[in-house]
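Note sheet for the following structure.
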Amino acid sequence: MTTEDAALAETSGEHPDLPSVVADPTVSELPSGYRYGVTRYADIILREAFPDRFAQLVDTLESYRIDADELVKGGGSRASLTKRFDDTLGGHGWGKRNISISRLIDGKILHETPGHEIDMFAEAGEAEPYPGIGVEMEWNNKDPFYDRDLLNFQALHREGALAVGVIVTRGPELQRIAGPTIKTSASAKNVKYGASSTHWNKLIPRVNLGGGGECPLLLVGIEPGRVDGFEVVEMAFKDGEQLY
């Protein structure tokens, strides 16, 4: 365990009863092969207040798999593995959504501000679409993308448009092994999944410091248990070799 990992473990477990600090989920239905974290009882809110949407999210997580070859040779931030996750949610009626926030005075619009487009959004229901559920997958972007997502979730929750925000990213064990092992190409010196990219250990401190505000969050870290053929990456990691 690295110094950063130890600090994260200590921070996450220091006050597990505080709603604003990332804690382990309470619900038992979440699929294996992931690292989970919740704030403000997001998992309970999803299961109890939005049972259909919760079941769809669980189904998507349960069916989701990554091939080791995708991990090594896949494309950029919207790689096939990211699109596949979104497409599964899309099959349940989720879709991209850009929600604008307007301020009124005496019935007149003072200003209107569009939010950042949410990767996957699900309405609460046909009669009452809001508050809904938003999902962002940050597979391999620069880590400031988390700030954008958390700020957007915070603003939309404050205005009553979002009940729960979900962020899916690389888990800590997947990053620990794949991070130093997979290069961008045969000739490049840079690793593909760098320390400053979007992964669990960059997300948790942001949330524990207040990122997302009062919006309940479900955080999902994809771990090696979801990667078929990950043994190749593990062997290279143990032997101090690199893949590309």
Per DSSP, the loop-located trypsin sites (Lys or Arg not before Pro) within segment 71-136 having at most 11 other beta carbons within 10 Å are none
Given unit charges at Cβ for Lys, Arg (+) and Asp, Glu (-), the dipole magnitude of segment 97-155 about its Cα centre in debye, nearest 20, is 240
Each label sits 7 Å from Cα toward the beta-carbon; between Leu18 and Lys73 the label points are separated, in nm, by 4.7
For the chain the mean separation of alpha carbon contacts under 8 Å (6+ apart) over residue count, i.e. relative contact order in percent, is 24
Assertion target for Lys238, Lys183, ordered by fewest C-beta neighbours within 10 angstrom first, is Lys238, Lys183
If unit charges are put on Cβ atoms (+1 for Lys and Arg, -1 for Asp and Glu) and the dipole of segment 107-198 is taken about its Cα centre, the option from Met120, Gly171, Met137 lying farthest towards the positive end turns out to be Gly171
For segment 37-238, whose charge dipole is built from +1 on Lys and Arg Cβ atoms and -1 on Asp and Glu Cβ atoms, the candidate among Leu150, Ile222, Ala195 with its Cα farthest towards the positive end is Ala195
Taking r as the C-beta separation of Glu173 and Tyr130 and R0 as 41 Å, the FRET efficiency to the nearest 0.05 is 0.65
Computed Rg/Rh for segment 46-116 (Cα atoms; Rh = Kirkwood radius) stands at 1.19
About its Cα centre, the chain carries a charge dipole, from +1 on Lys and Arg Cβ atoms and -1 on Asp and Glu Cβ atoms, whose size in debye to the nearest 20 is 800
Label model pair Ala195, Ser28: point-to-point distance (7 angstrom along the Cα→beta-carbon line) in nm is 4.0
Whole-Å distance linking the alpha carbon centroid of segment 173-196 with that of segment 30-65 is 29
Plugging the Cβ-Cβ distance of Glu112 and Asp87 into 1/(1 + (r/R0)^6) at R0 = 41 Å yields, to the nearest 0.05, a FRET efficiency of 0.85
Calculated from DSSP helices alone, with each H run of at least 4 adding -39500 (n - 2.57) and the total divided by the residues of the chain, [θ]222 nm to the nearest 500 comes to -10500 deg cm²/dmol
Among [x] 1.51; [y] 0.96; [z] 1.04, the entry matching Cα Rg over 2.2 N^0.38 Å as calculated here is [z]
Restricting to lysines and to Cα separations under 16 Å from Lys83, and discarding same-chain partners fewer than 8 apart, the set is Lys73, Lys96
Subtracting the Cα-Cα distance of Ser187 and Glu214 from 0.36 nm times their residue separation yields 5.2 nm
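Every read-out reported here was derived from the displayed coordinates using simple, explicitly stated rules and does not represent laboratory data. Everything numeric here is computed off the predicted structure, so don't read it as measured data. Methodologically, a virtual Cβ is constructed for each residue, glycine included, from the backbone with ideal geometry; neighbour enumeration extends over all protein chains shown.
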